[in-house]
Amino acid sequence: MVLKTLPFDREFIEKLAEHYPTPFYIYDEKTLRRNARLFTESFSWNSGFKEFFAVKANPNPELLKILRTEFLGGDCSSLPELLLCERIGMSGEEIMFTSNNTPAMEFVKAKQLGAIINLDDLTHLEFLEHCAGLPDLISFRWNPGTLREVESVIGNPVEAKYGLTTEQIFEGFSLAKRKGVRRLGLHTMVASNMLQDEFFCYTAKTVFELVREIERRIGVRIEFVNLGGGFGVAYRPEQIPLDMKRVAEMIHEEYDKLILPSNLAPLKIFTESGRLIAAESGTLITRVIHEKNTYKHYIGVDACMANLMRPGMYGAYHHITVLGKPEGSGGKIETVDVVGSLCENCDKFAVNRELPKIEIGDILAIHDAGAHGYAMGFQYNGKLRCAELLLQENGLVRMIRRAETPDDYFATLNLT
Ligand SMILES: *Cc1c(COP(=O)(O)O)cnc(C)c1O
């Protein structure tokens, strides 16, 4: 069991709630920086290593700015995400553009920023050439198709819409070479929230083998491999966290076995983690407003699925702490469903969860919500997105996004 801790207590949050009504997100700068450093330090053996934070996991510009000071880049897949990176001062090869089914204007913007463009299909090479002109550096996203080792854990990549087949990869690099593209990269991402370290090692190994094969078959030398994201978070206390140091060491061993002897070094290694960088740093704070006893015992909170969709959408587990009532303190335990106010029965943060006895007015902290949390928010049912706060390293709290108001809900309308 890993004890789920929080960088604040009930008193601290009650003080904050006087200024910022619940629900709100609070991010811990220390934790965010620690997880960013985990990547850069673990891969320090690879001189060209860079982690491009997947902006979709948390598009708050203040967090992106912090990550940038830790030398992380940004991984984008839409025009607004590109604009966000531009707005915080990123440019050129600090930005990775890993999109799919991409509209022309997004390629145009990515090219204008000098971002690394990662193509999801063979036909996109000519599409990009036509709409924006070919850059000097191009990357292709590889879908390895049937990989027995992969299939057993994450499902069949053949069913995934992303990437080029292995044969298309060779064709793509040949074509790019013929068109005069001088610098080339290879991307693959076959994991999602994966906690097994051997899995990433296996992925790196197959990618390194492909890099060798590309060189052998078409005489093209690959400058970087991008291993994508999918590094898992131990959302449940009983789960064993991914050991990134070990993952990086295992990949190092494969690199020394496959890349060094083939004279293919230096080969830069890139990652695009979102979850492992940001999840742990973010907590959704919500207050209990109702208690209901029918066929089940419900705890009603002032946040809902619009603030954090993962439990409702995927049945994902998020640990919950009742502030001021620590686990294992010997008090009464009850089995409850923690629910929001959306008119959808899946709007539940927890089902049949054992929690210390809760009273109306209690504050719940929903853990590990910093990635794919606020970011997936929506306005369905007239539910508005909440504020985001940053607990800075110096202990002070700053609002980094205000809560939406009904005016925001009406902002796209022309009601007279
Ligand atoms: C979503 C996504 C990521 C980030 O995934 P995490 O699970 O947050 O690490 C990285 N790259 C691409 C292309 C993605 O779509």
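Structure summary
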{"quantity": "Calculated Rg and Dmax of the range 29-275 using C-alpha coordinates, Å", "calculated": "17.1, 53"}
{"quantity": "Net charge, R221 excluded, C-beta distance under 13 Å - Lys, Arg +1, Asp, Glu -1", "calculated": "+4"}
{"quantity": "Volume per residue of the C-alpha convex hull in the chain, rounded to whole Å³", "calculated": "158"}
{"quantity": "Nonlocal amide H pairs with L389, under 5 Å, H built at 1.01 Å", "calculated": "Y25, I26, Y27, I400"}
{"quantity": "Carbon + sulfur, % of accessible area of the range 345-416 - ligands and nucleic acids excluded, 1.4 Å", "calculated": "51"}
{"quantity": "Per residue Cα convex hull volume in Å³ - calculated over the range 78-175", "calculated": "107"}
{"quantity": "Over the chain: helical MRE at 222 nm, DSSP H runs n ≥ 4 each giving -39500 (n - 2.57), nearest 500", "calculated": "-9500 deg cm²/dmol"}
{"quantity": "Sequence of I400, I13 from largest to smallest accessible area, 1.4 Å probe", "calculated": "I400, I13"}
{"quantity": "Computed magnitude of the charge dipole of the chain (debye, nearest 20; Cβ of K, R +1, Cβ of D, E -1)", "calculated": "380"}
{"quantity": "Under the Karplus curve 6.51 cos²θ - 1.76 cosθ + 1.60, θ = phi - 60°, whole-Hz ³J(HN,Hα) for the range 351-366, x wherever Gly or Pro sits", "calculated": "10, 6, 9, 7, 9, x, 3, 9, 10, 4, x, 5, 10, 9, 10, 9"}
{"quantity": "Volume in Å³ per residue [convex hull over Cα atoms, computed for the range 270-385]", "calculated": "110"}
{"quantity": "Whole-percent carbon and sulfur share, accessible surface of the range 1-132, 1.4 Å", "calculated": "53"}
{"quantity": "27 Å Cα-Cα threshold exceeded, pairs from K56/K325; K30/K56; K111/K245; K50/K177", "calculated": "K56/K325; K111/K245"}
{"quantity": "For the range 268-416, size of Cβ-based charge dipole, Lys and Arg +1, Asp and Glu -1, in debye", "calculated": "100"}
{"quantity": "Mean separation of Cα contacts under 8 Å, 6 or more apart, over the residue count of the chain: relative contact order %", "calculated": "19"}
{"quantity": "The chain: antiparallel DSSP beta bridges as a percent of all, rounded to 5", "calculated": "40"}
{"quantity": "Area accessible to solvent at K245, 1.4 Å probe radius, in Å²", "calculated": "100"}
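The values are calculated or read from the model by the stated rules, or taken from the named source; none is laboratory data. Here the structure is a predicted model, which is why all the values come from computation and not from measurement. All Cβ positions, glycine included, derive from the backbone under ideal geometry; neighbour counts span all protein chains shown. Calculation scope for accessible area: heavy atoms of the full protein, side chains included, ligands and nucleic acids excluded. Shrake-Rupley method; radii C 1.70, N 1.55, O 1.52, S 1.80 Å.
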